[in-house]
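The values are calculated or read from the model by the stated rules, or taken from the named source; none is laboratory data. Keep in mind the model is a prediction, meaning the values are calculated, not measured. With ideal geometry, Cβ positions are generated from the backbone for all residues, glycine too; neighbour counts draw on all protein chains shown.
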Amino acid sequence: MIAIIDYNAGNITSVARALHNIGQDFVITDDTKKLNAASHVIFPGVGAAGEAMAYLRQKKLDAWLQIWINTGKPLMGICLGTQIILDYSEENNTECIGLVTGSTKRFPEHLSSAGLALKIPHMGWNSVTLKRTHPVFSDIAPESEYYFVHSYYPSPSDETAVLGTTDYGMSFCSVLAVKNLIAMQFHPEKSGRPGLQILKNFCSWGGK
Amino acid sequence: MISKRIIPCLDVRDGKLTKGVKFKGNIDIGDPVEVAREYYEQGADEIVFYDITASSDKRDIMIDVVRRVAETIFIPFSVGGGIRNLDDMRRVILAGAEKVSVNSAAVLEPKIITQGAKAFGSQCVVLGMDVKKVDESRQTPSGYEIVIEGGRKYTGIDALWWAKEGENLGAGEICLNSIDADGTQDGYELNLTALISDNVHIPVIASGGAGTPEHLADVLTTGRADAALIASMVHYRTYTITQIKNYLSDQKIKTRLLW
C-alpha cells in the first residue's frame, strides 16, 4: 500500500488523483501506525517551509520520517516535500528535517538567459538532465519536460545526492536520490505522461 | 531552459462550453471536460477555464466541472470568472484547480490578492487584467487603462501601475488580456505585453488576438510573454496545438514538444 503523508500542505489531492489514474491503491494519512504499514511513502507539498515544519513537528512526523528513511523502504519527496527534507531552508529561515545534508536556497535576483531577465517563481515546463540512471526514471524519454513552480531550490552538500539538474539561468538540483529516497522539485502529478510514469515507477520500486 | 507555455482558454457557462466555441469538428460541443482532455492530448501546457455563469445558484456546476477536469488531465489548470472572495478561491482549489484567476474582484477589493496568496501561496493567484488603450494622461501615464465588466467599465486605473501593484500584493502570475485585440484574430497587443512583462518579475500570460501561429511567435519574442493564451484558433479547429508548437519550434522558440 502506498501512503501519502497528510500534513495540511496543498497538493495532496492532486497526487491522489494521479495515483488513482494509474490504478494504484493508496491511503492519505497522518497516522504513524498507518504510515508504518505502508510499502512506499509519498511526501508531497505546496506552501511555505515555516508553516509546513511547524505542522510536521506538532504531529511528530519529522521524527517519523527519520525513522522511516532508516527502514530502507522507498520515500518520494515532491516540491516542498523535497525542500524540507534538507537541514535548513532559507524560506522563513526554517530548520528542516535533515534527511539529506544541505539547504534549500532562494533563486538569486536577476537571473537571465540570452540577455532576457528570468521571472521568479520558476513557473512552467522544464527538462531534467540525469547524472545517472535510476529505476524511478526508467521508460522516460530524456527530453521529457516536467511542471515546476517554485522560488526556492534544494542544494545538497554532497554532490552524489544530486540525481538530476535543471537549467534556469543557473543549473540547480531538481532531483535528489540517496538510497531509498527520491525527491524532486517538479510536480510529477502535474507533468502529463512522463510524470505519471515516474509515479508508476516509484510504486514498483524496491528502494535500491 | 524553461519552455514557453501554450494555454487554451475555455469559456464555460452553466457547465457547458460557450461563446464563440462553434466547433466544426467532432469534438463534443457540450462538455468542457472532453475538450480539455482533447487539448491535453494535443500537448496543451496548461488550461484556463473561464466561468461566465451569470446566476450564483448555478455556480456549483462549475465546481463539478473542475473536479472532473482534475480527474481527467494531469497538467495544471486555472479557473477564473466569478471569484469574489477567499471562499470562492478555496472551493475551486479544493476541487482540483492549481490556480485561481481574479479580475474585477481584485480591482474592487485588492486585498483578495494578498489573502489568496497568504492562504494558498502566490503561485495559486493569477491576476487577470482586462486592458484598453487610452490617451496618455496623468491618470493613465502608460496609455493603457484597466477596464472591468467585460470591457464596458473604465476604472481610471493605469494598467502598468496595476500590474506592479498586483505583484506587490502577492499575485504569482499575470494574465494580460487586451480588450482591443480580443476576438480580432489579428495578433496580440505586442506593445502592451512587452511593457507589462518588462516591468514585473512574475510570469505574464498574453491574451487576446491570437489567430495564427505567427502571432504566438511574435508575442513570445517581441512581446516577451512567458505564455500565450489561445481560443478561437483551436476551438474552430483551424490549428491544433501540436501544429502551433511545431511552428514555434521551427522559429527556434522553445516549447514542450514531448508529452
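Summary of values
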quantity	calculated
Qualifying positions in the stretch A:7-50 - part of a helix (DSSP H, G or I) and either among the basic types (Lys, Arg) or surrounded by fewer than 15 Cβ atoms within 10 Å (Cβ to Cβ) (or both)	A:17, A:20, A:33, A:34, A:36
Within the stretch B:231-256, tally of residues that are of a type outside the set (Gly, Ala, Ser), exposed (fewer than 15 other Cβ atoms within 10 Å of the Cβ) and within 13 Å of another protein chain (Cβ to nearest Cβ)	1
Residue among B:185, B:123 that is modelled with pLDDT under 95 and at positive phi	B:185
In the stretch B:226-257, the residues that are in a loop (DSSP other than H, G, I, E, B) and closer than 15 Å to residue B:1 by Cα	B:226, B:252, B:253, B:254, B:256, B:257
Among the residues listed as A:78, A:42, A:22, the single one being in contact (Cβ under 8 Å) with a residue 40 or more places away in the chain, touching a helix residue (DSSP H, G or I) at 6+ places or on another chain (Cβ under 9 Å) and away from chain B (no Cβ under 14 Å)	A:42
Residues being within 13 Å of another protein chain (Cβ to nearest Cβ) and in contact with a Gly (Cβ under 9 Å, 6 or more places away or on another chain) - total across the stretch B:94-115	1
Among residues of the stretch B:63-77, those that are within 19 Å of the chain's Cα centre (by Cα) and more than 19 Å from residue A:195 (Cα to Cα), counted	3
Test: residue in the stretch A:107-121 that is in a strand (DSSP E or B) and within 16 Å of the chain's Cα centre (by Cα)	no
Sole exception among (1) within 9 Å of another protein chain (Cβ to nearest Cβ); (2) within 20 Å of residue A:19 (Cβ to Cβ); (3) among the hydrophobic types (A, V, I, L, M, F, W, C) for residue A:175, by number	(1)
Search result, residues across the stretch A:133-152 that are in a loop (DSSP other than H, G, I, E, B) and within 19 Å of residue A:201 (Cβ to Cβ)	A:133, A:134, A:138, A:139, A:140, A:141, A:142, A:143, A:144
Scan of the stretch A:153-208 for residues that are assigned to a helix (DSSP H, G or I), over 26 Å from residue B:3 (Cα atoms) and either among the acidic types (Asp, Glu) or more than 14 Å from the chain's Cα centre (by Cα) (or both), ordered by number	A:159, A:160, A:203
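Residue-by-condition table, conditions (1) of a type outside the set (Lys, Arg); (2) within 14 Å of chain A (Cβ to nearest Cβ); (3) more than 27 Å from residue B:110 (Cα to Cα); (4) buried (at least 18 other Cβ atoms within 10 Å of the Cβ):
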site	(1), (2), (3), (4)
B:56	yes, no, no, no
B:60	yes, no, no, no
B:66	yes, yes, no, yes
B:75	yes, yes, yes, yes
B:82	yes, no, no, yes
B:91	no, yes, no, yes
